[in-house]
Amino acid sequence: MELSEKELSSAEFKATRSNWIQYSKEHCKHLPPGSVTEFKWKDYSPAVFRLIQELEKIDNNEYEQSICSDDTVRKVCSLARPGSMCLLSKDDRFTIKTLRKSEVKVIIGMLPSYYCHLKKFSNTMLNRLYGVHVVKPVGGMKVYFVVGSNIFQSDKLMHKCYDLKGSLQGRSDNKLRLREKLILKDPDFDFRFYLDPLIRHQLLL
């Protein structure tokens with residue numbers, strides 16, 4: 001039986017898994033002198049996100065190699081405040097956004113319905129979330145973050161990029177940057193879409 005066919009228990013949605021990540025000097029050439037080379041790492045709901053990765057045909061080993069690379073971990077740990085910036089993994093396949101602990105609880109709380117939605121509507125336009133983690137360098141602070149699909153990875157020329165939530169509340173400050181591109185928010189969205197009814201229906205799923 002394939003992993004994606006497995007029935008998940010309620011405990012698996014609440015489960016966590018912790019381990020240590022260590023880098024040798026040879027693998028830490030991007031870290032400045034004196035930087036820590038050991039990190040405590042925790043995965044939230046690992047079995048559930050593993051299934052979501054499988055639904056999207058993402059190899060879990062490749063995912064871990066991308067997200068756990070020394071360059072990616074260093075950048076995540078250097079972020080000043082939750083939600084202040086969106087990063088790309090070294091291979092550009094995934095987006096990484098820091099979170100507050102309270103936001104992690106919200107994501108884990110909605111995970112059962114989110115997972116069922118992805119299984120039921122394979123063509124949904126909801127962004128895919130592939131993992132929620134927390135990393136803590138030795139002697140440093142915990143950094144919570146979520147990993148999602150890189151929807152900006154495209155061969156089409158993008159003149160503007162928007163991160164829209166359908167609300168103006170708290171959306172005026174702290175614009176995100178992804179590489180060199182500025183990500184605009186709801187107050188910057190000053191035009192309308194006229195959509196084909198079928199496309200509109202797909203957007204609302």
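What length, rounded to one decimal in nm, is gained on full extension from Leu204 through to Asp186, with 0.36 nm per residue of separation minus their alpha-carbon distance?
4.7 nm is the gain from fully extending Leu204 to Asp186.
Determine, from the Cβ-Cβ distance of Asn19 and Lys119 and an R0 of 22 Å, the FRET efficiency 1/(1 + (r/R0)^6), rounded to the nearest 0.05.
0.20
Rank these for me by crowding, Lys105, Lys185, Lys156, going from fewest to most other beta carbons within 10 Å.
Sorted ascending by nearby Cβ count, the order is Lys156, Lys105, Lys185.
Values in this text are rule-based calculations from the coordinates and carry no lab data. Note that the structure is a prediction, hence the values are computed from the model and not measured. Please note: Cβ atoms are built from the backbone with ideal geometry, for glycine as well, and neighbour counts cover all protein chains shown.
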